[in-house]
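K.L.:
A single structure is presented below for examination.
The values are calculated or read from the model by the stated rules, or taken from the named source; none is laboratory data. What you are looking at is a predicted structure, and each value in this text was computed from that prediction instead of being measured. All Cβ positions, even for glycine, are placed from backbone atoms using ideal geometry, and neighbour counts span all protein chains on display. When the accessible area is computed, the model is the full protein with side chains, heavy atoms only, and any ligands, DNA or RNA have been set aside. Shrake-Rupley method; radii C 1.70, N 1.55, O 1.52, S 1.80 Å.
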Amino acid sequence: MSSTGSGIDTDCMTMARFLLSEQRKHPHATGDLTQLMNAVLTAVKAITSAVRKAGIARLYGISGSTNIQGEEVKKLDVLANDLFINMIRSSFTTCLMVSEENDNVIEVETEKQTSEGSATVKDALQPGHQIIAAGYALYGSATMVVLSIGNGVNGFMLDPAIGEFILTDKNMRIKPRGKIYSINEGYEKYWFEPVAQYIKSKKHPESGKPYGARYIGSMVADVHRTLKYGGIFAYPATKEAPKGKLRLMYECNPMAFIIEQAGGMATNGYINILDVVPENIHQRSPIFMGSKEDVQDLIECFKKYGE
Ligand code: FBP
């Protein structure tokens, strides 16, 4: 780090700089990913600003409600969705988008498509192993973006003073084994045997200390903690929700890709999540991900107690 003594790093690695340097390693790269990420980061910055004033602006309110100035206020999730779609659409790097908030795929007209035919939902239904980049944004006391473009995982913190994402967590690696399990324990009575046995073995180990439990109830935050401190995050199938809750294409797969890139593992109990071929864009999947040895213990329980 270079500093002038003012506390300002005069040679900071911004995400734009990071992506440009990665791009230069590939002589045939088009720059599309850099351009796409630029659009994504604009959305993340705008969402950060909205999150910071959500209380005052009544962004938690019902969609379509009005604020004190009589303006229509969008709920945060609607606002975030609109921002991502508009920014990505206008980046000229995308032909198709999938979002939890939209029933159907979102098609983007491009010149290329007009000559080659447009992308369809079939193009979107690919297994996670085809992913080339995945990331998430965390809007906590600071805004952080964690990104993998297929050669490890890097974390960038938003410096609000300069509006740039600065590389703060270089080459993030997940511990081979952690000491934390993360699952909604309120649903214990709905668990199937393999999950019940697994959690029991962590709470009442034959030797050593029991694991600690942590559950925020927000997948990004729970997986982020799992990535930083190790352990396992689980959202299993239950007797109430036999397919699980989380969505394969935009919740399980991107997070599984990042966890794998950091040296961890992700499974639905039977197979690697990234091998599952989606049949529809909003399909759900049970998911277990985190430290390799912890996920392997879980898989053993599925072999032993699963049908
Ligand atoms: P939505 O699909 O309703 O957005 O819920 C997703 C989510 O909030 C995840 O982020 C989180 O891991 C999970 O649901 C928590 O669910 P539960 O309250 O059942 O434990």
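K.L.:
Scan the helices (runs of 4 or more DSSP H) fully inside segment 57-168 and keep the ones with 2 or more residues being modelled with pLDDT of 90 or more and in contact with a helix residue (DSSP H, G or I) (Cβ under 7 Å, 6 or more places away or on another chain). Outline the logic, then answer.
P.N.:
Working: elements: 76-89, 111-116, 121-124.
The helices (runs of 4 or more DSSP H) meeting that bar are 76-89.
K.L.:
A follow-up question, please. Do the conditions hold for Gly306, that is, is it more than 18 Å from the chain's Cα centre (by Cα), at pLDDT below 95 and more than 12 Å from the ligand (Cβ to nearest atom)? Spell out how you get there, then give the answer.
P.N.:
Working: more than 18 Å from the chain's Cα centre (by Cα): yes; at pLDDT below 95: yes; more than 12 Å from the ligand (Cβ to nearest atom): yes.
Spelling it out, Gly306 is indeed more than 18 Å from the chain's Cα centre (by Cα), at pLDDT below 95 and more than 12 Å from the ligand (Cβ to nearest atom).
Conditions (1) near the ligand (Cβ under 10 Å from one of its atoms); (2) in a loop (DSSP other than H, G, I, E, B), marked per residue:
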{"position": "Met172", "(1), (2)": "no, yes"}
{"position": "Gly186", "(1), (2)": "yes, no"}
{"position": "Ala196", "(1), (2)": "no, no"}
{"position": "Ile199", "(1), (2)": "no, no"}
{"position": "Pro205", "(1), (2)": "no, yes"}
{"position": "Ala221", "(1), (2)": "yes, no"}
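K.L.:
Is it the case, given these coordinates, that Ile132 is hydrophobic (A, V, I, L, M, F, W, C), open to solvent by 70 Å² or more (accessible area, probe 1.4 Å) and either out of contact with any Asp or Glu (no Cβ under 8 Å at 6 or more places or on another chain) or in the same structural domain as Met37 (by TED's automatic domain parsing) (or both)? Step through it out loud before you land on a result.
P.N.:
Numbers: hydrophobic (A, V, I, L, M, F, W, C): yes; open to solvent by 70 Å² or more (accessible area, probe 1.4 Å): yes; either out of contact with any Asp or Glu (no Cβ under 8 Å at 6 or more places or on another chain) or in the same structural domain as Met37 (by TED's automatic domain parsing) (or both): yes.
For Ile132, the condition - hydrophobic (A, V, I, L, M, F, W, C), open to solvent by 70 Å² or more (accessible area, probe 1.4 Å) and either out of contact with any Asp or Glu (no Cβ under 8 Å at 6 or more places or on another chain) or in the same structural domain as Met37 (by TED's automatic domain parsing) (or both) - is met.
K.L.:
Would you mind stating whether Gly212 is among the small types (Gly, Ala, Ser), closer than 30 Å to Ala39 by Cβ and touching a residue at least 12 places away in the same chain (Cβ under 8 Å)?
P.N.:
On the way: among the small types (Gly, Ala, Ser): yes; closer than 30 Å to Ala39 by Cβ: no; touching a residue at least 12 places away in the same chain (Cβ under 8 Å): yes.
So Gly212 does not fit the description; no.
K.L.:
When the residues of segment 32-45 are filtered to those that are at pLDDT 95 or above and of a type outside the set (S, T, N, Q), which remaining residue is most open to solvent (accessible area, probe 1.4 Å)?
P.N.:
Out of the qualifying residues, it is Lys45.
K.L.:
How about segment 181-195: which of its residues are out of contact with any Cys (no Cβ under 9 Å at 6 or more places or on another chain) and open to solvent by 30 Å² or more (accessible area, probe 1.4 Å)?
P.N.:
Looking only at segment 181-195, we keep the residues that are out of contact with any Cys (no Cβ under 9 Å at 6 or more places or on another chain), and these are 181-192.
Correct list: Asn184, Glu185, Gly186, Tyr187, Glu188, Lys189, Tyr190, Phe192.
K.L.:
Could you list all residues from segment 234-250 that are within 23 Å of Val277 (Cβ to Cβ) and outside any loop (DSSP other than H, G, I, E, B)? Before you say what the answer is, go through the steps one by one.
P.N.:
Residues of segment 234-250 within 23 Å of Val277 (Cβ to Cβ): 234-237, 241-250.
Passing the criteria: Ala234, Tyr235, Arg247, Leu248, Met249, Tyr250.
K.L.:
Those residues that are open to solvent by 80 Å² or more (accessible area, probe 1.4 Å) and either under 27 Å from Glu307 (Cβ atoms) or within 11 Å of the ligand (Cβ to nearest atom) (or both), I need them from segment 207-219; list them, please.
P.N.:
Those that are open to solvent by 80 Å² or more (accessible area, probe 1.4 Å) and either under 27 Å from Glu307 (Cβ atoms) or within 11 Å of the ligand (Cβ to nearest atom) (or both): Tyr215, Ile216.
K.L.:
Go over the candidates Leu248, Leu227, Leu274, Leu298 one by one and state the one that is buried (at least 21 other Cβ atoms within 10 Å of the Cβ) and under 17 Å from Gln126 (Cα atoms). Please lay out each step first, then the result.
P.N.:
Values: Leu227 fails: under 17 Å from Gln126 (Cα atoms); Leu274 fails: buried (at least 21 other Cβ atoms within 10 Å of the Cβ); Leu298 fails: under 17 Å from Gln126 (Cα atoms).
When all the criteria are applied, what remains is Leu248.
K.L.:
Does Ile271 satisfy the criteria of being in contact with a strand residue (DSSP E or B) (Cβ under 8 Å, 6 or more places away or on another chain) and among the β-branched types (Val, Ile, Thr)?
P.N.:
On the way: in contact with a strand residue (DSSP E or B) (Cβ under 8 Å, 6 or more places away or on another chain): no; among the β-branched types (Val, Ile, Thr): yes.
Here the answer is no, as Ile271 does not meet what is asked.
K.L.:
Take segment 251-268 and flag every residue that is surrounded by fewer than 24 Cβ atoms within 10 Å (Cβ to Cβ) and in a loop (DSSP other than H, G, I, E, B).
P.N.:
The answer is Ala262, Gly263, Asn268.
K.L.:
On the given criteria, is Gln283 in contact with a strand residue (DSSP E or B) (Cβ under 8 Å, 6 or more places away or on another chain), without any contact (Cβ under 8 Å) to a residue 60 or more places away in the chain and under 22 Å from Ala133 (Cα atoms)? I'd like the intermediate steps shown before the answer.
P.N.:
Details: in contact with a strand residue (DSSP E or B) (Cβ under 8 Å, 6 or more places away or on another chain): yes; without any contact (Cβ under 8 Å) to a residue 60 or more places away in the chain: yes; under 22 Å from Ala133 (Cα atoms): yes.
In short, yes.
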